[in-house]
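Read-outs: derived from the displayed coordinates by stated rules, not from any lab. Given the structure is predicted, the values throughout are model-derived calculations rather than measurements. Cβ placement follows ideal geometry from the backbone for every residue including glycine, while neighbour counts extend to all protein chains displayed.
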Amino acid sequence: MVHLSSAAWDDPVVQQLVAAQRAELVDRYCGDQEPGIKPSAADVAVVLVATDDDGTAIGCGALRPLTPDSAEIKRLYVVPQARRRGVSRVVLAALEAEALHRGWTTLRLETGPEQPEAVGLYISAGYHPIRAFEHYVGDRDDWSLYFERSLDR
């Protein structure tokens with residue numbers, strides 16, 4: 001069973017999960033090529049942590065406001081040993097619900113071509129490809145794929 005709780009961006013557990021994700025992405029992309037502006041405690045409004053029944057942190061996800069009616073999904077991550085159990089779908093659904101609660105009816109995100117699992121998740125959840133948005137405009141497009149979904153109230 002997956003349990004979700006809110007946390008602060010700078011919470012040590014969140015930062016441990018973020019560091020694990022960054023290490024995995026550095027390996028997949030042969031270097032630290034993160035596009036856009038890195039999230040921070042100052043600009044991330046929502047952070048959710050997924051835990052197992054024993055309290056072990058197994059995933060996370062965050063939302064960064066973009067406009068009064070839109071937000072960006074940041075750091076949706078599940079540790080390797082918890083993958084293929086639906087954890088990412090639980091976190092994504094909770095992020096979408098929190099977005100609607102805050103009045104954000106559009107969610108956008110950036111992912112990459114070396115993350116086929118993420119692309120599959122987002123497409124199956126109703127996200128569709130878009131052009132670069134906000135702070136990604138002008139970044140190298142060969143490193144990024146962009147998606148968006150309009151949420152129903």
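One line per residue, one yes/no per condition, for (1) outside any loop (DSSP other than H, G, I, E, B); (2) loosely packed, with under 12 Cβ neighbours inside 10 Å:
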position	(1), (2)
LEU4	yes, no
TRP9	no, no
ALA19	yes, yes
ALA23	yes, yes
GLY36	no, no
SER40	no, yes
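For residues that are in contact (Cβ under 8 Å) with a residue 60 or more places away in the chain and under 20 Å from GLU134 (Cβ atoms), scanning just segment 83-114, find the one that is surrounded by the fewest Cβ atoms within 10 Å (Cβ to Cβ).
Across segment 83-114, the extreme among qualifying residues is GLY112.
Against the condition part of a strand (DSSP E or B), acidic (Asp, Glu) and more than 22 Å from VAL13 (Cβ to Cβ), how does GLU117 come out, does it pass? So that I can check it myself, show each step before the final result.
Numbers: part of a strand (DSSP E or B): no; acidic (Asp, Glu): yes; more than 22 Å from VAL13 (Cβ to Cβ): yes.
Against the criterion (part of a strand (DSSP E or B), acidic (Asp, Glu) and more than 22 Å from VAL13 (Cβ to Cβ)), GLU117 does not qualify.
Just a yes or no: is a residue in segment 122-131 assigned to a helix (DSSP H, G or I), free of Cβ contacts under 8 Å to residues at least 60 places away in the same chain and either surrounded by 17 or more Cβ atoms within 10 Å (Cβ to Cβ) or hydrophobic (A, V, I, L, M, F, W, C) (or both)? Before the answer, list the steps.
Residues of segment 122-131 assigned to a helix (DSSP H, G or I): 122-124.
Keeping just the survivors that are free of Cβ contacts under 8 Å to residues at least 60 places away in the same chain gives 122-124.
Going one step further and asking which of them are either surrounded by 17 or more Cβ atoms within 10 Å (Cβ to Cβ) or hydrophobic (A, V, I, L, M, F, W, C) (or both), we end up with 122-123.
Looking through segment 122-131, at least one residue is assigned to a helix (DSSP H, G or I), free of Cβ contacts under 8 Å to residues at least 60 places away in the same chain and either surrounded by 17 or more Cβ atoms within 10 Å (Cβ to Cβ) or hydrophobic (A, V, I, L, M, F, W, C) (or both).
Evaluate the following for ARG64: is it within 16 Å of TYR136 (Cβ to Cβ), among the basic types (Lys, Arg), part of a strand (DSSP E or B) and without any contact (Cβ under 8 Å) to a residue 40 or more places away in the chain?
Details: within 16 Å of TYR136 (Cβ to Cβ): yes; among the basic types (Lys, Arg): yes; part of a strand (DSSP E or B): yes; without any contact (Cβ under 8 Å) to a residue 40 or more places away in the chain: yes.
It is true that ARG64 is within 16 Å of TYR136 (Cβ to Cβ), among the basic types (Lys, Arg), part of a strand (DSSP E or B) and without any contact (Cβ under 8 Å) to a residue 40 or more places away in the chain.
Which residues, taken from segment 69-93, are within 19 Å of ILE123 (Cβ to Cβ) and in a helix (DSSP H, G or I)?
Across segment 69-93, the qualifying residues are VAL87, SER88, ARG89, VAL90, VAL91, LEU92, ALA93.
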